[in-house]
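Engineer: Once you've had a glance at the structure underneath, I'll fire off some questions.
Values in this text are rule-based calculations from the coordinates and carry no lab data. Bear in mind the structure is a predicted one, so any value in this text is a computation, not a measurement. Backbone-built Cβ (ideal geometry, glycine too); neighbour counts: all protein chains shown.
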Amino acid sequence: MRHKPILPWVMRFFSVLQLLTGVGFIIYALILESPPKTAIPIGLIIIGIIAILSFFVGCVGSCYKRWCLSLYLMLGTLVTLAELGIVLSLFFNLDNVVDNMSNYQLSKQDADFQTAVENGNATWNWSRESTVRNALEIGRWVFLVVIILQLIGLIVAISMKTCCYRTAEDYEDFEAQAQEAQSNKAQAEAVKAQIQMENLKQSIGKTSMKSPGTDSGSNFYASSSRLYKS
């Protein structure tokens, strides 16, 4: 079965989506925390780098390169699972994530923050914590949508790899078979033409053999007629 022409373009679309996702994750991580020191921002940067790599692999894989499709599936699965872990953390452990990021920001502002925490008189930056919480609450829904789109992209890659994939060797074999079939057809036509030529020769030969006999019979009949008249 030949592949459908639309699949490579769909694959390229999801590859570009991976690129945009990777760049977006890196920017989002730097907005949350710069430089990244806690788990979520560091994880987002790592995921973003892998997503950008999968963009290049996916573009090559859209040209039906089997090893690129396999590598894209591996990278895409890794990115999707990592994003799923972050989304679950943001949905079910948001308070701890916000606390860790807020503590890090406060520790940058106050060199004696750790001592203040131990003494129970730390000053919290509630505005910063509220900003981080709002950003994470919005981000988790965006991440969920991205995961769904990436799952669709993985399904497209699997379809290209398993159902509609043709290697270069397959096309070469098909071309060789077509040339062989054409050669066999030409040979069959040549044999048919030779047989027709032989039949034509035989027909001409039979006609030539009958012609002298007919002339002799005509001459004999004419001689007999002259003798009768005389």
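Engineer: So if we plug the beta-carbon distance of residue 183 and residue 70 into 1/(1 + (r/R0)^6) with R0 = 30 Å, what FRET efficiency do we get, rounded to 0.05?
Structural biologist: Computed FRET efficiency for residue 183 and residue 70: 0.20.
Engineer: Extending each Cα 7 Å along its Cβ direction at residue 191 and residue 9, get the distance between those two points in nm, one decimal.
Structural biologist: 4.7
Engineer: Kirkwood Rh, Cα Rg: Rg to Rh for segment 1-73?
Structural biologist: My calculation of the ratio gives 1.14.
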